[in-house]
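S.K.: Sharing a structure below in C-alpha cells format, with a few things to ask.
The values are calculated or read from the model by the stated rules, or taken from the named source; none is laboratory data. Note that the structure is predicted; figures quoted are calculated from it, not measured. Reconstructed Cβ throughout: ideal geometry from the backbone, glycine too, with neighbour counts over all protein chains shown. Protein only, heavy atoms only, side chains kept; ligands, DNA and RNA dropped before computing areas. Shrake-Rupley method; radii C 1.70, N 1.55, O 1.52, S 1.80 Å.
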Amino acid sequence: MATEDSARGDGEFIQRDRGIYPPAFTPEYKTTVLRSPRLSLWSLQNSLSEVTGPVFGQDELGPLDNDLILNYAKDGQPIGERIIVHGHVHDENGRAVPRTLVEFWQANAGGRYRHRNDHYIAPIDPNFGGCGRTLTDDQGYYFFRTIKPGPYPWRNYVNSWRPAHIHFSVFGSGFAQRLITQMYFEGDPLIWKDAMIKIIPDEDAIRRLIAPLDLNASIPLDTLAYRFDIVLRGRWSTLFENRLQGN
Ligand SMILES: [Fe+2]
C-alpha cells in the first residue's frame with residue numbers, strides 16, 4: 001500500500017509546519033499589517049507542468065554568473081571584503097539535490113542595492129551588480145564568490161537595520177517549487193536586533209539561517225568563506241519565505 005508520501009508526486013504541495021514560521025500578521029514588522037491576508041487561505045492543486053518543469057540547464061548560465069566580484073566589473077573590482085559562499089542543497093533525507101538553480105542577490109559593501117527604489121545614502125559601487133546564479137553539481141554542491149554585503153537601515157521603526165544578508169532562491173525540479181530565503185553571517189550583532197528575525201518563533205530555525213565562517217574553505221591571503229547548507233524539507237529544513245514544499 002502506498003504511503004501518503006510515496007503517493008504524492010515529488011513536486012506536490014506539502015503543508016508547512018507553521019510552528020517555525022512567523023505569523024502573517026506581526027505589527028513589529030510593520031508592512032505585515034497591510035499585507036497579511038484577511039481571509040483564510042486556499043490550497044490549489046499543482047498542475048503537471050508546474051511540478052515537472054521547465055528547468056534551467058547549464059546552457060543558460062554565463063561563465064561569470066557565480067562570480068559577483070567580476071560579473072559587473074567595469075574598470076576595476078568592487079570595494080569590500082572578498083568572500084566565498086558555498087554549501088549543499090539537500091532534501092529531508094540528506095540526499096543531494098543535483099542540478100538545481102540557486103540564485104542570489106544582495107546589497108554592496110556599503111549596504112546599497114543597485115535598484116531604483118533604493119535611496120540609501122551609501123554609494124552605488126560602479127563595479128558591483130549584486131546578482132548571480134549557479135547550478136548545484138551532481139552532489140548538490142554550489143559555490144559563488146562575492147563581496148560581503150553591508151547592513152542597511154529600513155523604514156520600520158526608529159533605527160531598524162537589516163543585518164548583512166544575502167537573498168537566495170532555489171528552484172527544485174519545477175517553477176512551482178521555487179523557494180526563497182535569506183542567509184546571515186556568523187557573529188553579526190544586528191541579527192538578534194532584526195525585526196524580521198525576531199518574529200521567527202523557533203530559535204533553531206533562526207540559527208539555520210546563519211552561515212558560519214569556514215576557514216577550511218577560505219583562500220589564504222585572498223578570500224574568506226562562509227558555509228550555507230540548504231535543506232529543502234523536513235525537520236532540519238531551511239526557513240523559506242515562500243514555502244511551497246516541505247517543512
Ligand atoms: Fe535585502
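S.K.: When the residues of segment 164-180 are narrowed to those that are of a type in the set (A, V, I, L, M) and modelled with pLDDT of 90 or more, which ends up most open to solvent (accessible area, probe 1.4 Å)?
M.R.: Among residues in segment 164-180 that are of a type in the set (A, V, I, L, M) and modelled with pLDDT of 90 or more, the one most open to solvent (accessible area, probe 1.4 Å) is I180.
S.K.: Another question about this same structure. Within segment 144-156, track down each residue that is more than 16 Å from the ligand (Cβ to nearest atom) and open to solvent by less than 20 Å² (accessible area, probe 1.4 Å).
M.R.: Once the filter is applied, which keeps residues that are more than 16 Å from the ligand (Cβ to nearest atom) and open to solvent by less than 20 Å² (accessible area, probe 1.4 Å), segment 144-156 yields only F144.
Yes or no, residue by residue, for (1) in a loop (DSSP other than H, G, I, E, B); (2) closer than 25 Å to I219 by Cα:
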site: W42; (1), (2): yes, no
site: N46; (1), (2): yes, no
site: E50; (1), (2): no, no
site: G62; (1), (2): yes, yes
site: I69; (1), (2): yes, yes
site: I79; (1), (2): yes, yes
site: I83; (1), (2): no, yes
site: E92; (1), (2): yes, no
site: V102; (1), (2): no, yes
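S.K.: Can you name the residue in segment 118-130 that is of a type outside the set (S, T, Y) and within 12 Å of the ligand (Cβ to nearest atom) and, of all such residues, is modelled with the highest pLDDT?
M.R.: G130
S.K.: So, one more: How many residues does segment 157-184 hold that are away from the ligand (no atom under 13 Å from the Cβ), over 28 Å from L48 (Cβ atoms) and touching a residue at least 12 places away in the same chain (Cβ under 8 Å)?
M.R.: 1
S.K.: Could I ask something else about it? Being within 12 Å of the ligand (Cβ to nearest atom) and among the polar types (S, T, N, Q) is the filter here; which residues of segment 99-115 pass it?
M.R.: Matches in segment 99-115: Q106, N108.
S.K.: Here is a further query. Any residue at all in segment 106-122 that's farther than 26 Å from A211 by Cα, without any contact (Cβ under 8 Å) to a residue 12 or more places away in the chain, among the β-branched types (V, I, T) and part of a loop (DSSP other than H, G, I, E, B)?
M.R.: Yes; the residues of segment 106-122 include at least one that is farther than 26 Å from A211 by Cα, without any contact (Cβ under 8 Å) to a residue 12 or more places away in the chain, among the β-branched types (V, I, T) and part of a loop (DSSP other than H, G, I, E, B).
S.K.: May I ask you to list the residues in segment 74-86 that are open to solvent by 30 Å² or more (accessible area, probe 1.4 Å), at negative phi, touching a strand residue (DSSP E or B) at 6+ places or on another chain (Cβ under 9 Å) and not polar (S, T, N, Q)?
M.R.: I79, E81, R82
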